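Okay, so here's the structure we're looking at.
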Amino acid sequence: MAEALVERRSIDVVPDAERHGTAFSQFTLWLGANLQITAVVTGALAVVFGGDVVWSLVGLVVGNLLGGAVMALHSAQGPRLGLPQMIQSRAQFGVRGAVVPLLLVILMYVGFFASGSVLAGQAVGELTHTGDTTGIVVFALVTGAMATVGYRVIHALGRVASIVCAIAFVYLGIRLLDRVDLSALLHDAHFDAPMFLLAISLSASWQLAFGPYVADYSRYLPRTTSAKSTFWWTLSGSAIGSQWSMTFGVLVAATAGAKFLDNQVSYVVGLGGAGIIASFLYFVIALGKLTINVLNTYGGFMSMVTSVSGFRGQKVLSQRARAAYIALIMIAGTAVALVGKDSFLSSFKDFLLFLLTFFTPWSAINLVDYYLISKERYDIPALSDPHGRYGAWRWDALTVYGVGLLAQLPFLATAFYTGPLVGPLGGADISWIVGLVVPAVLYWAVARRNTAHIPERTLREPVAAE
């Protein structure tokens, strides 16, 4: 039983005999992963930085749908190829060239692990009466253990979290509406373009950050699973869960102000009540963060293995090596959490928007190649061979990726850098739009001229004549 539960696959292809489940599993996983405290804080930031309730909510909806659609298109690749997301991106960047975006992906996982551990650590510390630091460490250990078990426990955790967290958010929503003059908040609407675009960027970046690992959690679905059903179940789970949490965050920030900013976890729990109810809510916060942090740890481990294996020619991974990679992610994320736990909110917005700069060009290139250039046809064995049809480095894609990064800089607005075109746009940050459109168009123009490396159909076994 234990052997069946512990995942054996890592960066290798999932055989048809081991495929299982339905596309609905993507709904419960992503609903549970988004009904959590960090998504609440992300929604609150739209108000904290100057937006009103109405246009913040509209902007968050737009961003969740746009970013969620991009993320769900990546998810639809999983059943077709049976591969982790970033292994598949070797077809665009080369077997070794894929390490360039991968290094940034690993940084993202460590950052999200750290930010999630800060809030979960507060909840665990309150629940166990031990304090934030101990709470962060305990939470990290549990996260690492579950990530080591792998795919089945991750989806089981998502199913539990989607139900438990939904019940908690319904209850908290009722309690919040008892304290809020909703009609007054909705009446006080004033459109401000930069704040509206900030709200879109916050939620879009939230969704786009899932792109580099979303197919990791759909790759065990049977190959016959409809791409449309995978897309829609993923999008609906992620968009509904995140918008639900972010809407709660907007309303809390608009009514609580400094009380919420001082300690987000304590305020949310205090809103629900005391005693047993408070303990339950601390548990729910920890459960919600556990769900997403297991994804971050698992995704970080897969990205590290993908990076190393591109140079070592490694196709499979032992259980001991798997545990070691996961421990590295866990230790790095915990260290960052302990160092930055006192300045979480002030740096989280810039962290989200900065990450968006690096992932939008990658998403654009990956999706254009998969759907428009290769048209879902890949030579899977060649993804592990630097001397195969995809080569070690694909400089055309890497160049487009670099151009996509540079094209965003004039439009980027963060605390440590503001581009020259942000001012003329009234302070609005539209870098993520540029980061999607420019590399998508450039890659399509470049890649369609040389399609000799694309097989007539998806190849799953080595071809002797190659």
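The values are calculated or read from the model by the stated rules, or taken from the named source; none is laboratory data. The structure presented is a predicted model; accordingly, all values stated were derived computationally and were not measured. Every residue, glycine as well, gets a Cβ built from its backbone with ideal geometry; the counts of neighbours run over all protein chains shown. All accessible areas refer to the heavy atoms of the entire protein, side chains included, with ligands and DNA or RNA removed. Shrake-Rupley method; radii C 1.70, N 1.55, O 1.52, S 1.80 Å.
Could we say that Gly249 is closer than 27 Å to Phe27 by Cβ and either at pLDDT below 90 or acidic (Asp, Glu) (or both) here?
No: the conditions fail for Gly249.
Pull out all pairs, ordered by first then second residue, where Cβ-Cβ is under 9 Å, the residues are six or more apart or on different chains, the first lies in segment 434-454 and is within 12 Å of Ile373 (Cα to Cα), and the second is of a type in the set (Phe, Trp, Tyr) and surrounded by 16 or more Cβ atoms within 10 Å (Cβ to Cβ).
Pairs found: Tyr443/Tyr401; His453/Tyr390; Ile454/Tyr378.
Can you tell me which residue among Ala415, Ala428, Ala445 is under 28 Å from Phe196 (Cα atoms) and open to solvent by 20 Å² or more (accessible area, probe 1.4 Å)?
Only one candidate passes the filter, namely Ala415.
Within segment 164-207, restricting attention to residues that are at pLDDT 85 or above and assigned to a loop (DSSP other than H, G, I, E, B), which residue is least open to solvent (accessible area, probe 1.4 Å)?
The qualifying residue least open to solvent (accessible area, probe 1.4 Å) is Asp192.
Return the pairs, sorted by first residue and then second, in which the second residue is at pLDDT 90 or above and in a helix (DSSP H, G or I), the first residue lies in segment 172-197 and is within 18 Å of Gly249 (Cβ to Cβ) and among the aromatic types (Phe, Trp, Tyr), the beta carbons are less than 6 Å apart, and the residues are 6+ apart or on different chains.
Final answer for the pair search is Phe196/Trp55; Phe196/Gly59.
Looking only at segment 95-106, count how many residues are part of a helix (DSSP H, G or I) and either modelled with pLDDT of 85 or more or open to solvent by less than 10 Å² (accessible area, probe 1.4 Å) (or both).
Of the residues in segment 95-106, 5 are part of a helix (DSSP H, G or I) and either modelled with pLDDT of 85 or more or open to solvent by less than 10 Å² (accessible area, probe 1.4 Å) (or both).
Report, by residue number, each residue of segment 379-412 that is open to solvent by 70 Å² or more (accessible area, probe 1.4 Å) and either touching a Ser or Thr at 6+ places or on another chain (Cβ under 9 Å) or not polar (S, T, N, Q) (or both).
His387, Trp393, Trp395, Leu406, listed by residue number.
Find all pairs meeting these conditions: Cβ atoms under 7 angstrom apart; at least six residues apart or on different chains; first residue within segment 412-430 and over 17 Å from Leu202 (Cβ atoms); second residue in a loop (DSSP other than H, G, I, E, B) and open to solvent by less than 10 Å² (accessible area, probe 1.4 Å).
So the pair list comes out as Gly419/Leu412.
Within segment 270-288, can one find any residue that is within 30 Å of Leu83 (Cβ to Cβ), touching a Ser or Thr at 6+ places or on another chain (Cβ under 9 Å) and crowded, with 24+ Cβ neighbours inside 10 Å?
yes
Could you please let me know if Leu317 is modelled with pLDDT under 80, aliphatic (A, V, I, L, M) and not in a helix (DSSP H, G or I)?
Yes, satisfied.
Take the residues of segment 263-301 that are modelled with pLDDT under 85 and not in a helix (DSSP H, G or I): which is nearest to Leu328 (Cα to Cα)?
Only one residue tops the list, namely Asn263.
Does Ala407 satisfy the criteria of being under 14 Å from Asn366 (Cα atoms) and at pLDDT 85 or above?
No: the conditions fail for Ala407.
Output the number of residues of segment 58-75 satisfying the condition of being more than 15 Å from Gly299 (Cβ to Cβ) and open to solvent by less than 10 Å² (accessible area, probe 1.4 Å).
Residues in segment 58-75 being more than 15 Å from Gly299 (Cβ to Cβ) and open to solvent by less than 10 Å² (accessible area, probe 1.4 Å): 7 in total.
Kindly check whether there is at least one residue in segment 208-226 that is in a helix (DSSP H, G or I), open to solvent by 10 Å² or more (accessible area, probe 1.4 Å) and under 30 Å from Val70 (Cα atoms).
Checked against the condition, which is being in a helix (DSSP H, G or I), open to solvent by 10 Å² or more (accessible area, probe 1.4 Å) and under 30 Å from Val70 (Cα atoms), segment 208-226 yields no hits at all.
Could you list, in sequence order, the residues of segment 108-133 that are free of Cβ contacts under 8 Å to residues at least 12 places away in the same chain and either within 29 Å of Leu398 (Cα to Cα) or assigned to a helix (DSSP H, G or I) (or both)?
Gly125, Thr128
Can you tell me which condition Lys375 does not meet? The list is (1) surrounded by fewer than 14 Cβ atoms within 10 Å (Cβ to Cβ); (2) closer than 23 Å to Gly67 by Cα; (3) in contact with a Ser or Thr (Cβ under 9 Å, 6 or more places away or on another chain), and all the others hold.
Just one mismatch for Lys375, condition (3).
Is it the case that some residue within segment 127-149 is β-branched (Val, Ile, Thr), surrounded by fewer than 23 Cβ atoms within 10 Å (Cβ to Cβ) and under 25 Å from Ser75 (Cβ atoms)?
yes
If we scan segment 23-45, do we find a residue that is farther than 22 Å from Lys289 by Cα and either crowded, with 24+ Cβ neighbours inside 10 Å or touching a residue at least 40 places away in the same chain (Cβ under 8 Å) (or both)?
Yes, because at least one residue in segment 23-45 is farther than 22 Å from Lys289 by Cα and either crowded, with 24+ Cβ neighbours inside 10 Å or touching a residue at least 40 places away in the same chain (Cβ under 8 Å) (or both).
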